[in-house]
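The values are calculated or read from the model by the stated rules, or taken from the named source; none is laboratory data. Note that the structure is predicted; figures quoted are calculated from it, not measured. Here the Cβ is made from the backbone with ideal geometry for all residues, glycine too, and neighbour counts use every protein chain on show. These area figures cover heavy atoms from the full protein model, side chains too; ligands, DNA and RNA do not enter into them. Shrake-Rupley method; radii C 1.70, N 1.55, O 1.52, S 1.80 Å.
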Amino acid sequence: MHQPTTEPRPSIYYTYRVFQPWLPSAHPPQSRHPVAIAGSGPAGMVTALELARHGVRSVVLTPELQFSQGSRAICFTRRSMEILQQVGVADLMTEGGLPWRFGNSYYRGQRVFRMEAPHDADDRFFPIINVQQQYMEEYLHDACAAHPLIDFRWGNKVTQVTQRDGYAEVRVDTPEGEYTLQADWLVAADGGRSPIRTAMNLQMEGASYEGFFVIADIQIDLPLPTERLAFFDPEWNPGNTILMHREPHGIWRVDYQLPPGETPEDALRPESLKARINAQLKMIGHAGVPWEMDWCSVYSARTLTLPDYVHGSVIFTGDAAHLLPIFGVRGANTAFQDAQSLGWHLAYVV
Ligand SMILES: Cc1cc2nc3c(=O)[nH]c(=O)nc-3n(C[C@H](O)[C@H](O)[C@H](O)COP(=O)(O)OP(=O)(O)OC[C@H]3O[C@@H](n4cnc5c(N)ncnc54)[C@H](O)[C@@H]3O)c2cc1C
């Protein structure tokens with residue numbers, strides 16, 4: 001029996017809501033669905049909203065009871081905002097977000113490049129806007145929950161998929177046990193580790209790169225504008241790179257490359273995080289400014305894709321279909337483009 005955690009996730013700036021699970025006993029038996037979507041990340045929710053916009057019903061299945069742990073995707077492109085406008089959440093993103101269009105690149109302490117992304121007074125959206133992923137997921141979820149064509153099921157984990165003649169049979173585990181759901185189409189938007197991809201024994205192609213990066217979100221008051229900062233071969237981290245981004249709610253992201261051979265476990269030790277973040281603050285002239293850690297994680301770069309995204313009645317999308325290095329604002333931005341395209345194509349087929 002799937003028992004999702006009901007303890008609210010920790011965060012300095014975001015209060016996690018814990019939703020009630022959808023239980024089969026509280027609902028009458030249902031006939032076959034036109035579309036079921038496994039996963040309530042950006043890919044899953046935008047697919048549901050796009051389908052609904054074209055009049056197609058869907059069921060969204062998600063094992064969790066809360067939004068994304070930690071900020072994860074924070075930089076959203078103008079194209080993403082156009083897609084989010086189509087599904088009705090662009091105003092909320094704009095209200096809470098920090099727009100920007102300048103970037104500064106430093107090599108060994110010297111500024112060597114200033115990026116200026118074009119922005120015209122007639123442009124509706126900035127080239128990039130920073131919003132933490134929990135907020136983006138909250139806005140998308142609330143739009144899904146308000147839509148009569150979307151049946152959103154918290155606490156519902158897909159455990160098995162069987163391809164039948166022209167439809168998929170999906171086993172779903174809930175806090176009160178399993179049930180079976182039939183769908184003409186199953187959209188696998190179940191993330192980078194996609195359990196559905198693994199269960200179907202599908203292999204991704206491409207490359208995984210050596211080397212790790214730490215992402216640390218800290219609460220700190222820095223008198224700096226919302227501009228991307230990139231440091232190459234800096235004095236405290238020779239041969240490596242560091243990125244900094246301002247996030248809403250007084251948070252800054254410090255994203256630094258680890259020296260070869262250092263393990264993620266070592267890098268996430270509190271002493272190690274503290275020493276490196278203090279070194280970075282010192283380098284940019286803000287030594288001693290008090291800060292508090294909100295969330296940290298380690299990632300590595302991968303360029304992997306499934307050779308085909310459609311397998312019988314199962315369609316892979318977002319990170320379940322392909323994994324891109326997250327620098328260069330790929331990941332969630334790519335997932336939106338997938339979902340926007342899949343939404344109208346699938347609606348047309350249905
Ligand atoms: C540290 C970090 C920083 C990032 N920074 C950026 C950035 O700045 N910009 C950017 O664009 N991207 C960024 N990304 C990437 C971005 O977060 C992902 O690319 C994006 O969330 C992918 O969306 P998705 O919907 O495909 O998958 P996910 O968001 O991973 O969602 C997967 C969903 O599937 C669900 N699921 C899992 N198993 C099952 C199951 N058995 N049954 C049903 N559902 C299941 C999960 O609960 C979840 O709801 C970052 C990621 C990380 C980790």
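Can you tell me how many residues within segment 13-33 are over 30 Å from W185 (Cβ atoms) and exposed (fewer than 13 other Cβ atoms within 10 Å of the Cβ)?
Of the residues in segment 13-33, 1 are over 30 Å from W185 (Cβ atoms) and exposed (fewer than 13 other Cβ atoms within 10 Å of the Cβ).
So which residues in segment 230-259 are of a type in the set (A, V, I, L, M, F, W, C) and surrounded by fewer than 22 Cβ atoms within 10 Å (Cβ to Cβ), if there are any at all?
Of everything in segment 230-259, those that are of a type in the set (A, V, I, L, M, F, W, C) and surrounded by fewer than 22 Cβ atoms within 10 Å (Cβ to Cβ) turn out to be A230, F232, W236, L243, M244, L258.
May I ask you to say which residue of A90, A43 is within 16 Å of S341 (Cβ to Cβ) and small (G, A, S)?
Every option except A43 fails the conditions.
Could you tell me whether L273 is modelled with pLDDT of 95 or more, farther than 22 Å from R302 by Cα and not in a loop (DSSP other than H, G, I, E, B)?
yes
Here are the criteria: (1) open to solvent by 20 Å² or more (accessible area, probe 1.4 Å); (2) not assigned by TED's automatic domain parsing to the domain that holds S194. Tell me which single one H54 does not satisfy.
(2)
Name the single residue, out of those in segment 144-160 being more than 15 Å from the ligand (Cβ to nearest atom) and closer than 18 Å to Q30 by Cα, that is most open to solvent (accessible area, probe 1.4 Å).
P148
Could you tell me how many of the residues in segment 60-96 are part of a helix (DSSP H, G or I), open to solvent by 10 Å² or more (accessible area, probe 1.4 Å) and not polar (S, T, N, Q)?
Count: 7.
Restricting the search to segment 179-217, which residues are free of Cβ contacts under 8 Å to residues at least 40 places away in the same chain and touching a strand residue (DSSP E or B) at 6+ places or on another chain (Cβ under 8 Å)?
Result: T180, P195, A199.
Scan (1) aliphatic (A, V, I, L, M); (2) part of a loop (DSSP other than H, G, I, E, B); (3) under 23 Å from the mean Cα position of the chain (by Cα) for the single condition V56 breaks and write down its number.
Against the list (1) aliphatic (A, V, I, L, M); (2) part of a loop (DSSP other than H, G, I, E, B); (3) under 23 Å from the mean Cα position of the chain (by Cα), V56 comes up short only on (3).
Got at least one residue in segment 309-331 being under 23 Å from S11 (Cβ atoms), within 16 Å of the ligand (Cβ to nearest atom) and open to solvent by less than 20 Å² (accessible area, probe 1.4 Å)?
Within segment 309-331, one or more residues are under 23 Å from S11 (Cβ atoms), within 16 Å of the ligand (Cβ to nearest atom) and open to solvent by less than 20 Å² (accessible area, probe 1.4 Å).
Residues to consider are G103, G177, G191; find the one that is open to solvent by 20 Å² or more (accessible area, probe 1.4 Å) and within 16 Å of the ligand (Cβ to nearest atom).
G191
Please indicate, with yes or no, whether at least one residue in segment 3-12 is acidic (D, E) and either open to solvent by less than 40 Å² (accessible area, probe 1.4 Å) or touching a residue at least 40 places away in the same chain (Cβ under 8 Å) (or both).
So far as segment 3-12 goes, no, none of its residues is acidic (D, E) and either open to solvent by less than 40 Å² (accessible area, probe 1.4 Å) or touching a residue at least 40 places away in the same chain (Cβ under 8 Å) (or both).
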